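Let me begin by presenting the structure, written as structure tokens, before commenting on it.
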Amino acid sequence: MSHRPHRSAWRKATRIAVTVAAATTLAAVAPVTAYADGTDPAGDEIVIGTEPPAEPEEDVVDVPADQVTQEPGVEPGEDIQLPAPSKPTDRPDREYCDRSNVYIPQSKGKQYHKGVGPTLSNYNGTSRTAKSTFTSEVSGTVGVSVSAGLTVSVNAMIGKIEGKYDVNLSASLTAKLGNKISVNTPSKTTTNAKYGVYRLKNTGVSYIIYDNCQTSAKKTVTSYTPLKVGWYLWEN
């Protein structure tokens, strides 16, 4: 003999089924939140700007990957205040210091995006919001850019910046082919997307301490160091 389910149990089951169906429908139509790397929901949510990525204002040069461990010293021709000649080594009153190259981070700046590959764009000519999906078309590696005057290796500079500001930086990061991101594009608006690497700007001072305890001129050094891979988006 079969038993009909209790009416309250049947109603409860019906409510659950309706709730699940409604949630499934909502998930299908709700806008997808976009993230900085296009894939990781634990990443930073994307902020869509109104202008292309800003370029460094300083005169900086890219440091090749095979030179990040080299200690550059002072380049010939730079405006350096040379120390006075060392005292004779047989003088007991000679002031002596261990020669060392110094870098001291002083000011953490904002993040600057360096793109890899072309800018991708999509115009929404409809009267409603539309979804734009972008896919990175090339792979590329972005390294450190630094202004003149650094007397320590790039790796040593990175270590000093990480220690002062409690951040994780890299000498280089690679933005890979095929990464995707989807965002909403408002009506009559163009969404532009560029894939690449966010770099942290930092300003510090660098100089040399000579063995007679005098120093070279202290130079202000600006650097842009890879922080994370991600998309930069803006609308117009």
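The values are calculated or read from the model by the stated rules, or taken from the named source; none is laboratory data. In this text the structure is predicted, and so the values were computed from the model without any measurement. Quick reminder, even Gly has a Cβ in these numbers, built from the backbone with ideal geometry, and neighbours come from all protein chains shown.
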Review point. Going through region 112-134 one residue at a time, which ones are of a type outside the set (Gly, Ala, Ser) and surrounded by 16 or more Cβ atoms within 10 Å (Cβ to Cβ)?
Key: Tyr112, His113, Lys114, Val116, Leu120, Asn122, Asn124, Phe134
Point to revise | Selection count where residues are within 18 Å of Gly109 (Cβ to Cβ) and either outside any loop (DSSP other than H, G, I, E, B) or among the aliphatic types (A, V, I, L, M) (or both), scope region 47-60 | key: 4
Review point. Could you say which residue among Gly117, Gly109 is outside any helix (DSSP H, G or I) and at pLDDT below 95?
Key: Gly117
Review point. Does Glu71 satisfy being outside any strand (DSSP E or B) and at pLDDT below 50?
Key: no
Point to revise | Enumeration of residues in region 163-178 that are over 24 Å from Gly140 (Cβ atoms) and without any contact (Cβ under 8 Å) to a residue 60 or more places away in the chain | key: Gly163, Lys164, Asp166
